[in-house]
1. Could you order the peptides 24-31, 61-68 from most to least packed, using the average number of other C-beta atoms within 10 Å per residue?
2. On a 0 to 90° scale, report how tilted helix 139-153 is relative to the longest principal axis of the chain, with both axes built from alpha carbons and the result rounded to the nearest 10.
3. From the residues Leu149, Gln139, Gly159, which one has its Cα farthest along the dipole of the stretch 100-180 in the positive direction, the dipole being from +1 and -1 charges on Cβ of Lys/Arg and Asp/Glu about the Cα centre?
4. Can you count the Lys pairs in the chain with C-alpha separation below 17 Å, eight or more apart or on different chains?
5. With a 1.4 Å probe and every protein chain kept in, tell me what percent of the accessible surface of the chain is carbon plus sulfur.
6. If each residue of separation counts as 0.36 nm, what is the full-extension length gain between Glu122 and Glu77 once their alpha-carbon separation is subtracted?
7. In nm, to one decimal, how far is the Glu138 label point from the Glu163 one, both placed 7 Å along Cα→Cβ?
8. Put one equal scatterer on each alpha carbon of the chain, apply the Debye formula with no solvent term, and list log10 I(q)/I(0) at q = 0.10, 0.19 1/Å to two decimals.
Amino acid sequence: MGSKASIITNEQLSEYAELTYLTKSEIIFILQKFLLLDDGRNFSLTKRFPEQEVVNLFPQLKHNPFRDRLLHVFSSENDDRFSFEDMLDLFSVLSEKCPLAVKASWAFQIYDFDDDNLITKEDILELCDRITQHDRLEQEEKMNIADLLLKEIDLQNNGNIGEFEFVHAMSKMPEFRQTFSCRV
């Protein structure tokens, strides 16, 4: 890898490729982006960078209506800072090669806006607002969508969706894999 040899070894690159759903070239691409944040002399694979600096590197995040949730869920230290390894985790889950059940489990965390380990009617209303950019659906329409989703997905009929129910529902939606993906 030439000048990058001191930053990441071929062995580390192979390990990252084995532990993620990313190719070696995708991993190197993400690493090269992170090197732009640092002069390279003080860089480490676990060095944490401020959220806005990382977001500016990746247009896939910058323009994503779920950016704050993606970053919240994938910040390993919950400190609004991100390491190279945090971004590998994020882009691995968003990879088209990531298994559907793994994607759905992470999506559940992202769509659980209040972090209570349940997707409630309020979470679904927030989801509708983000998908429609807050200005396309009337409140009654959003309530109807929330009621319909709860009726279809809430297998226990307890007024909310647990992770198992969510993963089960996503497994029945073939388009979910593509819609919860992005390319590096």
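The values are calculated or read from the model by the stated rules, or taken from the named source; none is laboratory data. Here the structure is a predicted model, which means the values were calculated and not measured. Reconstructed Cβ throughout: ideal geometry from the backbone, glycine too, with neighbour counts over all protein chains shown. These accessible areas exclude ligands, DNA and RNA; they are computed on the full protein's heavy atoms, side chains included. Shrake-Rupley method; radii C 1.70, N 1.55, O 1.52, S 1.80 Å.
1. 24-31, 61-68
2. 80
3. Leu149
4. 12
5. Ligands and nucleic acids excluded, carbon and sulfur give 49 percent.
6. Extra length from Glu122 to Glu77 when fully extended: 13.5 nm.
7. Placing both labels 7 Å along Cα→Cβ, they lie 3.9 nm apart.
8. -0.46, -1.30
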